[in-house]
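One structure is given below, encoded as structure tokens.
The values are calculated or read from the model by the stated rules, or taken from the named source; none is laboratory data. The model shown is predicted, which means the values in this text are computed figures rather than measured ones. As a convention, Cβ positions derive from the backbone with ideal geometry for all residues, glycine included, and neighbour counts pool all protein chains shown.
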Amino acid sequence: MRWKFLLQCFGKRVALGLLLVCSTACSAENQNTTAPQNYHVVSLKPVQIDVAQLGLTNCTSILALSTGRALAACRSSKMDNHNDYGLRVYVLATDEKSPRILSVSRGLGDAYAVMLQKRSNAEALYKDLILADASAEFAYGTAIYQLQGDNLKYLGEIGYVMMSEDNNPISALNVTTIQATKDGFKVTFSHDVFLLNKDGEYQRHDARKLFMAFDGKSIH
Amino acid sequence: MPAKKVAWPLAINLIRGKSERNTFGIVRKFANGSPKPHQGWDFSAPIGTTVYAIADGKVEFIKNIGDYGLQLCLSFQFDGATHYAFYAHLKTTSVAVGAAVKMRDAVAATGNSGNANTLPSGEDHLHFEVRTKLNPGAGLAGRISPFRIYKICPLKVPTVG
């Protein structure tokens, strides 16, 4: 039907050209639906919010998440206890006179600083991920949360880091790719990364042979 | 010539927060409780506290980079071998690279450089390591616990330098 219609409208040569274009486009479209879908980094701008009234201090990151919402990494000594302490990730409502806490993570332990990043994939089962990249005197790795509405759910941790020129563990976020899978997501690296062993030393891992997966339960 | 004695890096030396998490070893935790190493001792120190050479030695390097911030490394002899005293999160240094220093010479002032500036007030400190290599590996590699040279750890009670 389509062939006959094109012949009538455009003549034999043009119709053939159009068919080729259509065929290439359709093929690419089909490939996109079957190939793994990368999460993309969502650019979030820093925002000024008076979080002191919430008892939050020492924020290392406060970002505008969407209209009336912000994402922050701050401390709250009131929430700390022996097993749950340190910087926490917060989702804040900022659309009223005073900000409100909508969701808060467990403490990120002994990390001194936490940088936040949002990665999204509209086609994925876990559409919005919040990455909390932590460090003290050196990079600790990245905690991953699912952002569902205004709620944060801890999914797991990526312990892999890069190594700086002077041999210090640094963030691996820039070489980390996350792809959607049927039941979660897969994490790969575009550069060799390092993982702490039980003796407190770092071992190199070949990026070509390495991936982590979240299967709906944990990252492993 | 081996150092007969090693001095403390501060006039008053007390582990930050009196917490084992600020001593040497795999003593720290991340989000889900996963263990993380700490490469030295953190001594409580208000910003501007004088830092001393712990032994006769030589200033090997001074640099201001990364999460350690302003760093100074001093070589010295201990137990018949070259060791390195490494001080980090400094505010200023008062010696030059290559300079010979005497034990208890003032070499720097504490600060909160690197990412220590994100810690709550009252958590300002000197990060102090004893290294067996000038440029050790990552993690605990090429480092020893300062306990090995001091034989005590001022975890709950301060030690006067």
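So here's what we get for this one:
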| read-out | value |
| --- | --- |
| Filter result (in contact (Cβ under 8 Å) with a residue 12 or more places away in the chain and not charged (D, E, K, R)) within region B:135-151 | B:Gly139, B:Leu140, B:Ile144, B:Ser145, B:Pro146, B:Phe147, B:Ile149, B:Tyr150 |
| Filter pass, B:Asp67 being within 14 Å of chain A (Cβ to nearest Cβ), within 15 Å of the chain's Cα centre (by Cα), of a type in the set (Asp, Glu) and within 17 Å of B:Ile144 (Cβ to Cβ) | no |
| Qualifying residue in region A:143-150 (condition: buried (at least 22 other Cβ atoms within 10 Å of the Cβ) and within 18 Å of B:Asn115 (Cβ to Cβ)) | yes |
| Number of positions in region A:188-210 that are hydrophobic (A, V, I, L, M, F, W, C) and either within 19 Å of A:Val114 (Cβ to Cβ) or modelled with pLDDT under 95 (or both) | 1 |
| Only listed residue being in a strand (DSSP E or B) and more than 28 Å from A:Ala64 (Cα to Cα), chosen from A:Ala213, A:Ala132 | A:Ala213 |
| Every pair of residues 6+ apart whose Cβ atoms lie under 6 Å, when the first sits in region A:145-174 and is free of Cβ contacts under 8 Å to residues at least 60 places away in the same chain while the second is charged (D, E, K, R) and part of a loop (DSSP other than H, G, I, E, B) | none |
| Lone qualifier among A:Leu173, A:Leu195, A:Leu131, A:Leu155 - being under 27 Å from A:Gly86 (Cα atoms) and in contact with a Lys or Arg (Cβ under 7 Å, 6 or more places away or on another chain) | A:Leu131 |
| Condition met for A:Phe185 (modelled with pLDDT of 95 or more, among the aromatic types (Phe, Trp, Tyr), over 26 Å from B:Pro37 (Cβ atoms) and under 17 Å from the mean Cα position of the chain (by Cα)) | yes |
| Qualifying positions in region B:14-63 - within 12 Å of another protein chain (Cβ to nearest Cβ) and either more than 30 Å from A:Lys198 (Cβ to Cβ) or among the acidic types (Asp, Glu) (or both) | B:Glu20, B:Asp42, B:Phe61, B:Lys63 |
| Odd one out for A:Ala73, checked against (1) within 14 Å of chain B (Cβ to nearest Cβ); (2) surrounded by fewer than 20 Cβ atoms within 10 Å (Cβ to Cβ); (3) aliphatic (A, V, I, L, M) | (2) |
| Residue in region A:75-83 that is at pLDDT 95 or above and in contact with an Asp or Glu (Cβ under 9 Å, 6 or more places away or on another chain) present | no |
| Qualifying residue in region A:116-132 (condition: within 23 Å of B:Gly40 (Cβ to Cβ) and crowded, with 19+ Cβ neighbours inside 10 Å) | no |
| Residues that are touching a residue at least 40 places away in the same chain (Cβ under 8 Å), assigned to a strand (DSSP E or B) and not small (Gly, Ala, Ser), drawn from region B:83-107 | B:His83, B:Tyr84, B:Phe86, B:Tyr87, B:Lys91, B:Val101, B:Val107 |
| Residue identified as closer than 26 Å to A:Asp133 by Cα and either touching a residue at least 12 places away in the same chain (Cβ under 8 Å) or surrounded by 13 or more Cβ atoms within 10 Å (Cβ to Cβ) (or both) among B:Thr110, B:Thr118, B:Thr132 | B:Thr118 |
| Flag if B:Val97 is within 18 Å of B:Asn64 (Cβ to Cβ), away from chain A (no Cβ under 14 Å) and buried (at least 22 other Cβ atoms within 10 Å of the Cβ) | no |
| Scan of region A:156-187 for residues that are more than 10 Å from every other protein chain (Cβ to nearest Cβ) and among the hydrophobic types (A, V, I, L, M, F, W, C), ordered by number | A:Ile158, A:Met162, A:Ala172, A:Leu173, A:Val175, A:Ile178, A:Ala180, A:Phe185, A:Val187 |
| Filter result (on the phi > 0 side of the Ramachandran plot and within 14 Å of chain A (Cβ to nearest Cβ)) within region B:117-158 | B:Gly122, B:Gly139, B:Gly142 |
| Filtered residues of region B:80-94 (kept if surrounded by fewer than 16 Cβ atoms within 10 Å (Cβ to Cβ) and not β-branched (Val, Ile, Thr)) | B:Gly80, B:Ala81, B:Ser94 |
| Region B:72-123, residues that are within 19 Å of B:Asn13 (Cβ to Cβ) and either of a type in the set (S, T, N, Q) or in contact with a Cys (Cβ under 6 Å, 6 or more places away or on another chain) (or both) | B:Tyr84, B:Phe86, B:Thr110, B:Asn112 |
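Quick grid of which residues meet (1) farther than 17 Å from A:Ala134 by Cβ; (2) in contact with a Gly (Cβ under 8 Å, 6 or more places away or on another chain):
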site	(1), (2)
A:Val41	yes, no
A:Pro46	yes, no
A:Ile49	yes, no
A:Leu54	yes, no
A:Thr60	no, no
A:Leu65	yes, no
A:Arg75	no, yes
A:Lys78	yes, yes
